[in-house]
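First comes the structure, then the notes that go with it.
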Amino acid sequence: MARQLCEVYPLKEIVRAAASVVAVRSGLCALGRAWFPKNGAVIFYGHRVTGDDEGYLDGLRPEWLDEQLAYLTRHYEVISLARLLRCYEERQPVPARSVVLTFDDGFRDNLLRGLPVLQRHGVTATVFVVTGCAASGELPWPQRLGCLFQQTDRAGLTVRLGDDGASPVELALGTPAERRRAYLRVKEFLTRQPRGVRDSWLARLSRELGVEAPRDRMLSWDDLRALQAAGWEIGAHTVSHPWLARIPPAEAREEMERSRADLRTHLGVERPSFCFPAGSHTPALMAAAKNLGFRSAFQPNPPQRVNTLENSHPFALGRMGLPNAPARQLEAELDGPLPLLRRLWRRPGNG
């Protein structure tokens, strides 16, 4: 039985789930809330609101999101990103024990499944949109690539993964594990390619793998206007979701600038916040975000989990992910011992 469980769930996920149950039922999380209150804002992010992993991007089940929001609204004040940013701009204290909700990429399930859950709890969120996907309906390229490998029935594929005409590489595709490994290998290569090369690869792989990725998964401009009407904020997430630090600087800047122009044209958003895809940025790109007129941006892997006037600013905000799990894991992550246990595990000498 244990072996079968490990084949479905990675060992670290099993350990995390078990530790969460212990932390919640033992009262450690309740003690954490009382003894270590959050004197600022915790910003959460998610992607898809669904129960599958299409394109190798796990979704957060709507029932789990419902549980998590029930926990957050019971113990925290959920505020908008705009309200948080006004605190920085007006030098007013960030509300203690506050939470901001964000979603990346602009998947249509945010509207179909996420919006009803958030409305049930009386809260809103910010969605960071890949504007090219809003226009075309195509998935962001990493999920599009994932669908091609995830759904193919080919047994193998030969590719050249190198800018210098490297020798052909044989990728086995016979099992789900082999397909995922092949996907990750090609994905790593494509993160370093300009948009034209990346798009050409995706078109060729679609033909060779015999798969067409779905084109009805993303929020359209009309969908985004509906979210705006429901009180959601819309932010920019580039035009085509590149790893900005890995492509030519001029192309990276164009991705940022065009995404802001798209939001102004289609939604009337004049000064959106910006989110770097996969957190990929450089100091020059962070400065560009400010110079291009964006209102804020996030700092990947920040030292702080709780944002205050003292430890951050609009272009150094920290976020943490909403776990694709029941609310007890969120509780253990936010108010319990999981972050401490993780730091101890990662200390030198622990493997």
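The values are calculated or read from the model by the stated rules, or taken from the named source; none is laboratory data. Since the structure is predicted, the reported quantities are computational estimates derived from the model, not experimental observations. Here the Cβ is made from the backbone with ideal geometry for all residues, glycine too, and neighbour counts use every protein chain on show. Just so you know, the surface numbers come from the protein's heavy atoms only, side chains and all, with ligands and any DNA or RNA stripped out. Shrake-Rupley method; radii C 1.70, N 1.55, O 1.52, S 1.80 Å.
A compact table of results
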| read-out | value |
| --- | --- |
| Rg(Cα)/(2.2 N^0.38 Å) for the stretch 237-307, N = residue count | 1.08 |
| Shape of the stretch 198-255, Cα gyration tensor, a/c cut at 1.5 | oblate |
| Accessible area per residue, Å², the chain with all protein chains present, probe 1.4 Å | 47 |
| Estimated [θ] at 222 nm from DSSP helical runs (n ≥ 4, -39500 (n - 2.57)) normalised by residues in the chain, nearest 500 | -14000 deg cm²/dmol |
| Chymotrypsin sites (Phe, Trp or Tyr not before Pro) lying in DSSP loop within the stretch 12-63, provided at most 16 other Cβ fall within 10 Å | none |
| Within a Gaussian network of the chain (alpha carbon springs, distance under 10 Å), most fluctuating of Arg195, Arg91, Arg144 | Arg91 |
| Amide H within-cut-off set for Phe107, under 5 Å, with H built and near neighbours excluded | Leu219 |
| Karplus 3J(HN,Hα) series, Hz, for the stretch 88-102 with 6.51 cos²θ - 1.76 cosθ + 1.60 (x for Gly, Pro) | 5, 5, 9, 6, 9, x, 6, x, 5, 6, 10, 9, 10, 10, 9 |
| Table column - 3J(HN,Hα) (Hz), the stretch 103-114, Karplus curve with 6.51, -1.76, 1.60, x for Gly and Pro | 10, 9, 5, x, 6, 5, 5, 4, 7, 6, 10, x |
| Charged-residue dipole, Cβ positions (Lys, Arg, Asp, Glu), the stretch 171-220 about Cα centre, Debye nearest 20 | 160 |
| Convex hull projection area averaged over all views, the stretch 1-136, Cα basis, nm² | 10.9 |
| The stretch 184-284, Cα convex hull volume normalised per residue, Å³ | 125 |
| Cα gyration tensor category, rounded, prolate or oblate, for the stretch 88-172 with a/c compared to 1.5 | prolate |
| The stretch 72-117: translational diffusion in µm²/s, Stokes-Einstein, Kirkwood Rh over Cα pairs, 4 °C, 1.567 mPa s | 106 |
| For the stretch 115-215, convex hull of alpha carbons as volume per residue, Å³ | 133 |
| Rg over Rh, two decimals, the chain (C-alpha only, Kirkwood Rh) | 0.97 |
| Within the accessible area of the chain (1.4 Å probe), percent carbon and sulfur | 52 |
| Under 5 Å, built H, 5+ apart or other chain: amide partners of Gly321 | Tyr45 |
